[in-house]
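Structure first, commentary second.
The values are calculated or read from the model by the stated rules, or taken from the named source; none is laboratory data. In this text the structure is predicted, and so the values were computed from the model without any measurement. Note that each Cβ is placed from the backbone with ideal geometry, even for glycine, and that neighbours are counted across all protein chains shown. Heads up: the accessible areas ignore ligands, DNA and RNA and are worked out on the full protein's heavy atoms, side chains in. Shrake-Rupley method; radii C 1.70, N 1.55, O 1.52, S 1.80 Å.
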Amino acid sequence: MPSRRSAAIAEAQLVRAADDPPPERARVLVVDDDEHNLIAITSVLEEVAEVVVANSGEEALRQLLKTDFAVILLDVFMPGMDGYETAQIIRSREQTKRVPIVFLSAVNKESQHLLRGYSMGAVDYVFKPVEPTVLRSKVAVFVDLYTMRREIQRKALQEQALLDANLRANAERLRAEQELRLAEQRQAAIIESLPIILYLEEINANPRVPKFVSGNFTALTGFAFEDLQRAPTLWIERLHPEDRARVAEAMAGRPSGRSLSVEYRWQCADGEYKHFLDQAVLLRDAAGNPVEYAGTLLDVTERKELESQLTQARKMDAIGQLTGGIAHDFNNLLAAVLGGLGMIERRVPLDDEQRKIVGMTRHAAEQGAELVKHLLAFARRQKLEPAAIEISRLAASVTDLLAHTLGGLVELKWELGEALAPVYADSAQLELALMNLIINARDAMPEGGVVTVTASNREVAEGSGSKDLAPGQYVVLAVGDTGCGIAPELLEQVLEPFFTTKSVGKGTGLGLSMVYGFAKQSGGVVRVDSSVGVGTCVEIWLPRARVAPASSEAELVISSPLAASATFRILLVDDHAGVRATTAALLEDLGHGVVHAMDGSQALELFQKDPGAFDVLITDYAMPRISGAELVRQLRSERPDMPALIITGYAEPHAAAPDAGDVLVLSKPFTPEQLHAALHGAVERGTDAKRKRRRA
């Protein structure tokens, strides 16, 4: 005969099956401004789930307020609110942030657009025209997951009735209690070793104090459970101020029987904030009356840190892609500018004032070339070239560069401390960092004001409690303004790449992130202090130099003419007209004969007419149809000893080098001295290669 316990379980299952309503079909939200697309997708998915359609982002948000969805199919490009903006709003709402989003797109399959979609919360992309089988299969996965999650929630509510039925099995009560006690002991041992707390709490507990806690409460929070019982307001008082309103909103739904799931920061006994995931479900008695909440408090601090590191890595990768893409064109433009300035210096008589202006213009253009390198240094962690820098000379240089930039409404004021020590950093990067901060300060004061740059010696002592600076001697450069200030909730974001408080089109969000990266790589740190309506102060802490700075002239001087040397017949190839013209003029001023070619095909025609007519090939790397490296290979197939020099505007010059190891690569923009040296180096390598072939 079956036991009384088995009979009770069977009875509970029959009751449960009789009371349960038939499961409701999962819903799928399809958002597209094209009515034909909505009809087509509905016909594909109507067998999988109930399809709800919306023809705009606004309509989609209204639908999300009405009901839950298993998955959202969201068109990327729509008039008004596009898919990216709609996804961002969906992810910002507590009720919808976990609903899977699949982007529909007919264009923009490039990685940067895909990354943007994924950063907005997408879990997948489907490209138009949609393949019905693929779309149905992908949506079915999310529908199944949604259905299973609902089933799990439904089953959780049924467990109480099943437990009551089990307890009525009097014949096996003693054995069940013994097994339960043993299971509890095992679970307690497991929970003690995990970063989790289990708790039971009254439904309307106010202030919030659990009546039972299981797990290592002290290890997780630094407090004993008795401390919380003695001070009932401790939990709410130690919530992070920015999280209190959101947590209170989540708690407000508990009396109505809603489950709790909220993530927040909580200050432990040591003063540090930990990230906790607080989840709870309402337990009911056999009659369906609410009894208490059973919940878990999980320490997710490590996970949040890993997510932050991953986000930062993605941002750095985005910076690398951005700067790598613009470096070539930007360096071409700067090469033309610097080449033109060189022609003016060599061909036009200049007085002292004109020489100074041309020199300052050259210096600014060279700083533009450095800007690309500095962006890449931050994104790719390239090696810096630190040296001792005298702050007074740095101040003079920055003031000269910004003389015509700040405008008449903004005054730049320097306050240098007494006996100021030299700083140990990369001179060019420090100059650019200060320029970025001063220009940001100017932009924060549209009505005008004073930008104050102060410099002082500071020391971080052993045991000072500083977490971002090692003990030692530092120089602090602070740039302060009396502008609009930054809201407290934005202070943690201002150092992130691509984040800007400026209006659209007036900021890239890269300036402060460059300053931050430069300071961190130099062994220092950046600190930002700001008050809305009062102003902002940004401090750069950098190590002091242990040696005095090398003496150097503060003024910009024009390079002396290059010494006379052998001249060559040069085939010059570059698809950028400005760079080609200025490079040719520079070579001609050095006494060389130059024949121009605008691309690889034209260069091949010139070479094939008379392979011996040229002594050296100078070619750009990135050109349409035939690259510089391929041009070198084709010319050397007919003339193996042909000396060659590749010039490139790409951020990674070594990528332009062909397989042959005797081809030099020169980065744009370059000086006459650099071109002169590279040209002769290419000829020497060609001569050495020719000798080796003869000996062989």
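Taking the condition open to solvent by less than 90 Å² (accessible area, probe 1.4 Å) and more than 30 Å from F276 (Cα to Cα), does V143 pass?
Answer is no for this residue.
Inspect the stretch 75-83 for any residue being over 22 Å from the mean Cα position of the chain (by Cα), of a type in the set (D, E) and closer than 23 Å to A140 by Cβ and give the result as yes or no.
So far as the stretch 75-83 goes, yes, one or more of its residues are over 22 Å from the mean Cα position of the chain (by Cα), of a type in the set (D, E) and closer than 23 Å to A140 by Cβ.
If we keep just the residues of the stretch 295-325 that are open to solvent by less than 30 Å² (accessible area, probe 1.4 Å) and at pLDDT 65 or above, which is farthest from the chain's Cα centre (by Cα)?
So, considering only residues that are open to solvent by less than 30 Å² (accessible area, probe 1.4 Å) and at pLDDT 65 or above, the one farthest from the chain's Cα centre (by Cα) is G295.
Residue by residue, here is whether (1) open to solvent by 50 Å² or more (accessible area, probe 1.4 Å); (2) touching a residue at least 40 places away in the same chain (Cβ under 8 Å) holds:
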| residue | (1), (2) |
| --- | --- |
| V44 | no, yes |
| V51 | no, no |
| F69 | no, yes |
| P79 | yes, yes |
| I89 | yes, no |
| R93 | yes, no |
| I101 | no, no |
| V126 | no, yes |
| T133 | yes, no |
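Listed here are the residues, each with its yes/no results for (1) outside any loop (DSSP other than H, G, I, E, B); (2) of a type in the set (G, A, S); (3) closer than 24 Å to Q279 by Cβ; (4) open to solvent by less than 90 Å² (accessible area, probe 1.4 Å).
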residue: K138; (1), (2), (3), (4): yes, no, no, yes
residue: T147; (1), (2), (3), (4): yes, no, yes, yes
residue: R150; (1), (2), (3), (4): yes, no, yes, yes
residue: E159; (1), (2), (3), (4): yes, no, yes, no
residue: L162; (1), (2), (3), (4): yes, no, yes, yes
residue: R173; (1), (2), (3), (4): yes, no, no, no
residue: E179; (1), (2), (3), (4): yes, no, no, no
residue: A183; (1), (2), (3), (4): yes, yes, yes, yes
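Just to verify a result, which residue in the stretch 65-122, among those that are of a type in the set (F, W, Y) and part of a loop (DSSP other than H, G, I, E, B), is modelled with the lowest pLDDT?
F77
Looking at L434, L406, which is the one that is in contact with a helix residue (DSSP H, G or I) (Cβ under 7 Å, 6 or more places away or on another chain), open to solvent by less than 50 Å² (accessible area, probe 1.4 Å) and assigned to a loop (DSSP other than H, G, I, E, B)?
Of L434, L406, the one residue that is in contact with a helix residue (DSSP H, G or I) (Cβ under 7 Å, 6 or more places away or on another chain), open to solvent by less than 50 Å² (accessible area, probe 1.4 Å) and assigned to a loop (DSSP other than H, G, I, E, B) is L406.
Would you confirm, using the coordinates I've provided, whether L510 is modelled with pLDDT of 70 or more and closer than 27 Å to R314 by Cα?
No: the conditions fail for L510.
Name the pairs: first residue in the stretch 384-410 and at negative phi, second residue among the charged types (D, E, K, R) and surrounded by 17 or more Cβ atoms within 10 Å (Cβ to Cβ), Cβ to Cβ under 7 Å, at least 6 apart or on different chains?
L384/D426; E385/D426; P386/D426; L394/E431; S397/E431; V398/E431; L406/R442; V410/R442
Of the residues that sit in the stretch 440-459 and are hydrophobic (A, V, I, L, M, F, W, C) and surrounded by 17 or more Cβ atoms within 10 Å (Cβ to Cβ), which one is modelled with the lowest pLDDT?
In this case the residue turns out to be A444.
Of all residues in the stretch 577-611, which are out of contact with any strand residue (DSSP E or B) (no Cβ under 9 Å at 6 or more places or on another chain) and free of Cβ contacts under 8 Å to residues at least 12 places away in the same chain?
Within the stretch 577-611, K609, D610 meet the criteria.
So M360 passes all but one of these: (1) at pLDDT 80 or above; (2) over 20 Å from A428 (Cβ atoms); (3) in contact with an Asp or Glu (Cβ under 8 Å, 6 or more places away or on another chain). Which condition number does it fail?
Condition (2) is where M360 drops out.
Residue by residue through the stretch 518-532, note down the ones that are open to solvent by less than 20 Å² (accessible area, probe 1.4 Å) and of a type in the set (A, V, I, L, M, F, W, C).
F518, A519, V525, V526
Exactly one of (1) closer than 15 Å to V479 by Cα; (2) modelled with pLDDT under 90 is unmet by L401. Its number?
Tallying (1) closer than 15 Å to V479 by Cα; (2) modelled with pLDDT under 90, L401 fails exactly one: (1).
Please go through the stretch 533-555 and pick out each residue that is open to solvent by less than 70 Å² (accessible area, probe 1.4 Å) and modelled with pLDDT of 80 or more.
Scanning the stretch 533-555 gives G533, G535, T536, C537, V538, E539, I540, W541, L542, P543, R544, A545.
For the condition modelled with pLDDT under 60, in a loop (DSSP other than H, G, I, E, B) and not hydrophobic (A, V, I, L, M, F, W, C), what is the one hit in T482, T501?
None of the other options fit; the residue is T501.
Identify, by number, the condition in (1) among the aliphatic types (A, V, I, L, M); (2) crowded, with 20+ Cβ neighbours inside 10 Å; (3) modelled with pLDDT under 85 that A487 doesn't meet.
(2)
Is it true that E177 is charged (D, E, K, R) and within 27 Å of S261 (Cα to Cα)?
For E177, the condition - charged (D, E, K, R) and within 27 Å of S261 (Cα to Cα) - is not met.
List every residue pair whose Cβ atoms sit under 6 Å apart, with the two residues 6 or more apart in sequence or on different chains, where the first one lies in the stretch 559-576 and is closer than 18 Å to L338 by Cα and aromatic (F, W, Y) and the second, anywhere, is open to solvent by less than 50 Å² (accessible area, probe 1.4 Å) and at pLDDT 50 or above.
Partner pairs satisfying both residue conditions: none exist.
List the residue pairs whose Cβ atoms are under 7 Å apart, where the first residue sits in the stretch 173-188 and is more than 18 Å from L162 (Cβ to Cβ), the second is open to solvent by less than 100 Å² (accessible area, probe 1.4 Å), and the two are 6 or more positions apart or on different chains.
Matching pairs, first to second residue: A188/S214.
Is it fair to say L220 is open to solvent by less than 50 Å² (accessible area, probe 1.4 Å), of a type outside the set (V, I, T) and touching a Leu at 6+ places or on another chain (Cβ under 9 Å)?
Answer is yes for this residue.
Out of R381, R347, I need the residue that is under 18 Å from A428 (Cβ atoms), open to solvent by 60 Å² or more (accessible area, probe 1.4 Å) and at pLDDT below 80. Which one?
Sole residue among the options that is under 18 Å from A428 (Cβ atoms), open to solvent by 60 Å² or more (accessible area, probe 1.4 Å) and at pLDDT below 80: R381.
If you check A287 against the conditions, is it closer than 26 Å to R154 by Cβ, out of contact with any Phe, Trp or Tyr (no Cβ under 6 Å at 6 or more places or on another chain) and either of a type in the set (V, I, T) or open to solvent by 40 Å² or more (accessible area, probe 1.4 Å) (or both)?
So A287 fits the description; yes.
So that you can scan it fast, the table gives a plain yes or no per residue for (1) farther than 30 Å from A165 by Cβ; (2) part of a loop (DSSP other than H, G, I, E, B); (3) free of Cβ contacts under 8 Å to residues at least 24 places away in the same chain; (4) of a type in the set (K, R):
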| position | (1), (2), (3), (4) |
| --- | --- |
| Y199 | no, no, no, no |
| R208 | yes, yes, no, yes |
| F276 | yes, no, no, no |
| E292 | no, no, no, no |
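Among the residues of the stretch 460-471, how many are at pLDDT below 70 and either under 20 Å from I391 (Cα atoms) or surrounded by 12 or more Cβ atoms within 10 Å (Cβ to Cβ) (or both)?
Total meeting the criteria: 1.
Kindly provide the set of residues from the stretch 225-242 that are out of contact with any strand residue (DSSP E or B) (no Cβ under 8 Å at 6 or more places or on another chain) and open to solvent by less than 30 Å² (accessible area, probe 1.4 Å), ordered by number.
Selection gives L228, L234.
Only one of V632, V663, V616 is open to solvent by less than 40 Å² (accessible area, probe 1.4 Å) and either more than 21 Å from H576 (Cα to Cα) or at pLDDT below 85 (or both). Can you tell me which?
V663
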